[in-house]
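The values are calculated or read from the model by the stated rules, or taken from the named source; none is laboratory data. This structure is a prediction, so every number in the text was calculated from the model and none was measured. Positions of Cβ are generated from backbone atoms using ideal geometry, with glycine treated the same way; all protein chains shown enter the neighbour counts. Please note that ligands, DNA and RNA were not included when accessible areas were found on the heavy atoms of the full protein model with its side chains. Shrake-Rupley method; radii C 1.70, N 1.55, O 1.52, S 1.80 Å.
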Amino acid sequence: MEQQLKQLEQEALAKLQAASNLKELNDVRVAYLGKKGPITDLLKGMGKLSPEERPKMGALVNTVRENVTAQLEEKVAVLEEQAIYEQLEKESIDLTLPGRKVRQGNRHPLTRVIEEIEDLFVSMGYEIAEGPEVEKDYYNFEALNLPKGHPARDMQDTFYITEETLLRTHTSPVQARTMELKKGEPIRIICPGKVFRRDNDDATHSHQFMQIEGLVIGENIRMSDLKGTLDALAKKMFGDDREIRLRPSFFPFTEPSVEMDISCFKCGGNGCNVCKHTGWIEILGAGMVHPNVLEMAGYDSKKVSGFAFGIGAERIAMLKYGVDDIRHFYTNDSRFLSQFHRTER
């Protein structure tokens, strides 16, 4: 039996060395070390040996089995490494091919308009103030000289959660909260944010939109200060050659109130489709803070005064970038948004 074991070991080792792939190697393993292999058969026949021969032969069989197993594992490692190299050789990357272009996003046009306006006013010493979008009726209307039942509320019909809680119709509540917090101190803020109104969506109206409002309160604040501020805003957003004009208007929270127009940036004031052949484009509403608003916030309207203005970010973006439908800003259409790569500063 000892001679038979040595012969099996030599045969197994020779076939292991001759194996050229993992399949042939596995066939050798099954043939010699499998359940029906000769080495396993020898182990099963150990019971026929005498008690004196059994330990010696058992140790010899185990040694042969361990040698074949060790050589098998070494050969497996060699062939696996060889298979990896062959696969890499077949799947080699041609470094001369151009890479796949990674598309980069860009800032949304509304974000860009808001940031541009914020940068302007921060450079002028203003602070950026924010407030809740779900607002109390008091701050949205009453604190701004719009008591319950006031007819001007109809222009700002909104979505009510309860009788006293609503989605804000403008960012003016941030101004009211800031005035209440400052308790008579000077204020210079802008308030960007999302607002809501019960409008039917069309090319120029949306049930939600972005608004930026400004508020300045202090001693000797005059209409001329408001005009100079709005002139700087117009030139920043539409060019240094823009002119502005102020027309009388009405807002419950300002007195006097004005609408601001800018000279048409397309025709230079000669008349075109953008300005509806008037030479002027309406941009925003503004005015001097109403004394009632100052008094309700704890300011002495005889000692201090202020001005406020409100502008829609969509309105500016539509004019600045030639967008003809406000709904484009909210549909997340990459074909629309990708156009603003070329206008990125």
In this structure, does E66 turn out to be open to solvent by 100 Å² or more (accessible area, probe 1.4 Å), closer than 30 Å to A14 by Cβ and among the acidic types (D, E)? yes
Checking A203 against (1) aliphatic (A, V, I, L, M); (2) in contact (Cβ under 8 Å) with a residue 24 or more places away in the chain; (3) out of contact with any Leu (no Cβ under 7 Å at 6 or more places or on another chain); (4) not in a loop (DSSP other than H, G, I, E, B), the condition it does not meet: (4)
Every residue in region 215-242 that is open to solvent by less than 20 Å² (accessible area, probe 1.4 Å) and in a helix (DSSP H, G or I), please. L226, T229, L230, L233, A234, M237
Residues that are assigned to a strand (DSSP E or B), open to solvent by 20 Å² or more (accessible area, probe 1.4 Å) and among the charged types (D, E, K, R): does region 193-200 have at least one? yes
Which one of E73, E116 is in a helix (DSSP H, G or I), out of contact with any strand residue (DSSP E or B) (no Cβ under 6 Å at 6 or more places or on another chain) and either open to solvent by 90 Å² or more (accessible area, probe 1.4 Å) or polar (S, T, N, Q) (or both)? E73
Unique match (being in contact with a Leu (Cβ under 6 Å, 6 or more places away or on another chain) and either within 19 Å of R153 (Cβ to Cβ) or in a strand (DSSP E or B) (or both)) among I212, I189: I189
Any idea which of (1) β-branched (V, I, T); (2) over 32 Å from the mean Cα position of the chain (by Cα); (3) modelled with pLDDT under 95 is the one T204 doesn't satisfy? (2)
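Yes/no per residue for (1) in a helix (DSSP H, G or I); (2) touching a Ser or Thr at 6+ places or on another chain (Cβ under 7 Å):
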{"position": "Y139", "(1), (2)": "yes, no"}
{"position": "L146", "(1), (2)": "no, no"}
{"position": "M155", "(1), (2)": "yes, no"}
{"position": "T158", "(1), (2)": "no, yes"}
{"position": "T169", "(1), (2)": "no, yes"}
{"position": "R177", "(1), (2)": "yes, no"}
{"position": "E180", "(1), (2)": "yes, no"}
{"position": "E185", "(1), (2)": "no, no"}
